[in-house]
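The values are calculated or read from the model by the stated rules, or taken from the named source; none is laboratory data. Quick caveat, the model's predicted, so the values are computed rather than measured. Note: ideal-geometry Cβ built from the backbone for every residue, glycine included; neighbour counts use all protein chains shown. These accessible areas exclude ligands, DNA and RNA; they are computed on the full protein's heavy atoms, side chains included. Shrake-Rupley method; radii C 1.70, N 1.55, O 1.52, S 1.80 Å.
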Amino acid sequence: INPILTSLSLIGLFLLCRLWIGSGWGLVAVMVMAFNSVANAHAFWGGSHPAISFFLIWGIYLLARWSEKPSWPLAFLIGLCLGMIPTIRYAETLFGIGIGLFMVLHWNLGTKYIRTSIAALIGALIPVLFMLINNKIVLGTFMQKI
């Protein structure tokens, strides 16, 4: 699954760069990432980096689209993508702080941003709640003991 997630991450990276810096630079960014030996090694190795990259890149792309035109389905997908990250690696939960701050800073642009942020929160809670329930069943506790 890692090669598939890595390939889809390249598509997401292109779309994200196209939004911010144009198609030409988006292609350059994708080429640099595609020919990066470390990224290629992770794509064929069983680690978590491709999954984190996939959910983070697509979550940020959807977040950029949400900042232009907020909608409930888009916000829900943002939450699902970014809620998957802590289920893969707990330490990557820190990405949520920046994303949450970004969404809060948009609240002054109107109530639609506030209401759709609730959809993002609900979307993020779904994978996290499944992880917590699974931990309770398998480990006997909601949080893994360190």
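Residues considered: S67, S117, S71. Of these, the only one that is among the small types (G, A, S) and touching a Ser or Thr at 6+ places or on another chain (Cβ under 7 Å) is S71.
If you go through the range 27-41 and pick out every residue that is assigned to a helix (DSSP H, G or I), over 19 Å from the mean Cα position of the chain (by Cα) and surrounded by 12 or more Cβ atoms within 10 Å (Cβ to Cβ), you end up with 5. Condition check for F55 on (1) closer than 22 Å to K112 by Cβ; (2) not in a loop (DSSP other than H, G, I, E, B): one failure, at (1).
Per-residue answers, yes or no, for (1) of a type in the set (A, V, I, L, M, F, W, C); (2) touching a residue at least 40 places away in the same chain (Cβ under 8 Å); (3) closer than 22 Å to M143 by Cβ:
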| site | (1), (2), (3) |
| --- | --- |
| S71 | no, yes, no |
| A75 | yes, yes, no |
| I85 | yes, no, yes |
| I97 | yes, no, yes |
| F102 | yes, no, no |
| W107 | yes, no, no |
| A120 | yes, yes, no |
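Among the criteria (1) loosely packed, with under 12 Cβ neighbours inside 10 Å; (2) farther than 26 Å from L15 by Cα; (3) of a type in the set (A, V, I, L, M, F, W, C), the one V128 does not fulfil is (1).
In the range 94-124, the qualifying residues are those that are β-branched (V, I, T) and open to solvent by 80 Å² or more (accessible area, probe 1.4 Å), and the one that is farthest from G59 (Cα to Cα) is T111. Of all residues in the range 64-80, those being farther than 14 Å from K112 by Cα and surrounded by 22 or more Cβ atoms within 10 Å (Cβ to Cβ) number 2. Selection of the range 107-146 for residues being more than 22 Å from I52 (Cβ to Cβ), modelled with pLDDT of 85 or more and either outside any helix (DSSP H, G or I) or touching a Leu at 6+ places or on another chain (Cβ under 9 Å) (or both) yields T116, A119. Residues that are open to solvent by less than 40 Å² (accessible area, probe 1.4 Å) and more than 16 Å from V104 (Cα to Cα) within the range 81-93 comprise C81, G83, I85, P86, E92, listed in sequence order.
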